[in-house]
Amino acid sequence: MKKQTLRLSFKRKRNAFSSEEIQNLSLDLANQILNLNIWGYTNFHVFFPIEKNNEIDTKLIIQVIQGKDKNVILPKLNIENKSFLNFLLTDSTLLKENELGIAEPQSGIQINENQIEVVFVPLLCFDKSGHRVGYGGGYYDRFLKKCPKNTVKIGLSFFDPIQKISDINITDVRMNFCLTPKKIYEF
């Protein structure tokens, strides 16, 4: 299937979840990361959810990462050039919701892409080869290309993989892992 068709289909499926189902599935996903061999790394990039879009509640994942005494790095969108600035989450980090409904840091300690070791990547669906369908803006593909080649890329999904995304292109970055509430997929 093509990305645009998949985007519409999986947004519909995700929107059908109740807030209680989102919380339960998000908790299951947060528990899954404990089974990954990533705890030798220090710098973890995590996105905040757009709650009105029924996205995965990554605040639970952030709690797990902080509980392991690791650094959480949050993106701040730069919509003009479709990129991120990355900031270390600290006790003094001021968060403010942007125009898309995403809580993001307003200032703080900026972290360069080459310091990021693990990235949790939002997605709507993924295939059995580790390709993902996001929202179509290309933010994460551009961001991941700036990160070191050995950065661990972990997609988060409420849904099991589809067989194949038919319109993958050269700018798409594959995941190393995709997590669902019930299973870890390694590519």
| Based on what the data block shows, is residue 140 under 14 Å from the mean Cα position of the chain (by Cα), surrounded by fewer than 21 Cβ atoms within 10 Å (Cβ to Cβ) and either free of Cβ contacts under 8 Å to residues at least 12 places away in the same chain or closer than 22 Å to residue 55 by Cα (or both)? | no
| query | All but one of (1) of a type outside the set (Lys, Arg); (2) more than 17 Å from the chain's Cα centre (by Cα); (3) at negative phi hold for residue 69; which doesn't? | reply | (3)
| note | Counted residues in the stretch 1-37 being closer than 25 Å to residue 72 by Cβ, buried (at least 19 other Cβ atoms within 10 Å of the Cβ) and among the aliphatic types (A, V, I, L, M) come to 4
| said: Looking at 51, 99, 55 in this structure, which one is charged (D, E, K, R) and surrounded by 20 or more Cβ atoms within 10 Å (Cβ to Cβ)? | reply: 55
| remark: Output for Cβ contacts, cut-off 9 Å, separation at least six or different chains, first residue without any contact (Cβ under 8 Å) to a residue 40 or more places away in the chain in the stretch 35-50, second of a type outside the set (S, T, N, Q) and exposed (fewer than 15 other Cβ atoms within 10 Å of the Cβ), reads 39/68
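Yes/no matrix, rows are residues, columns are (1) touching a residue at least 12 places away in the same chain (Cβ under 8 Å); (2) of a type outside the set (Asp, Glu):
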{"residue": "54", "(1), (2)": "yes, yes"}
{"residue": "57", "(1), (2)": "yes, no"}
{"residue": "65", "(1), (2)": "yes, yes"}
{"residue": "81", "(1), (2)": "no, yes"}
{"residue": "86", "(1), (2)": "yes, yes"}
{"residue": "100", "(1), (2)": "yes, yes"}
{"residue": "117", "(1), (2)": "yes, no"}
{"residue": "121", "(1), (2)": "yes, yes"}
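Of all residues in the stretch 82-102, count the ones that are within 22 Å of residue 136 (Cβ to Cβ) and part of a strand (DSSP E or B).
Count: 5.
Let's see how each residue does on (1) under 21 Å from residue 144 (Cβ atoms); (2) modelled with pLDDT of 95 or more; (3) of a type in the set (S, T, N, Q); (4) touching a strand residue (DSSP E or B) at 6+ places or on another chain (Cβ under 6 Å):
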| residue | (1), (2), (3), (4) |
| --- | --- |
| 11 | no, yes, no, no |
| 30 | no, yes, no, no |
| 43 | yes, yes, yes, yes |
| 52 | no, no, no, no |
| query | Among the candidates 184, 154, which residue alone is within 23 Å of residue 41 (Cα to Cα), among the aliphatic types (A, V, I, L, M) and exposed (fewer than 14 other Cβ atoms within 10 Å of the Cβ)? | reply | 184
| task | Please enumerate the residues belonging to the stretch 137-158 that are under 23 Å from residue 25 (Cβ atoms) and in contact with a Lys or Arg (Cβ under 7 Å, 6 or more places away or on another chain). | result | 155, 158
| task | Answer yes or no: is there a residue in the stretch 156-172 that is closer than 25 Å to residue 115 by Cα, in a loop (DSSP other than H, G, I, E, B) and among the charged types (D, E, K, R). | result | yes
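The values are calculated or read from the model by the stated rules, or taken from the named source; none is laboratory data. This structure is a prediction, so every number in the text was calculated from the model and none was measured. As a convention, Cβ positions derive from the backbone with ideal geometry for all residues, glycine included, and neighbour counts pool all protein chains shown.
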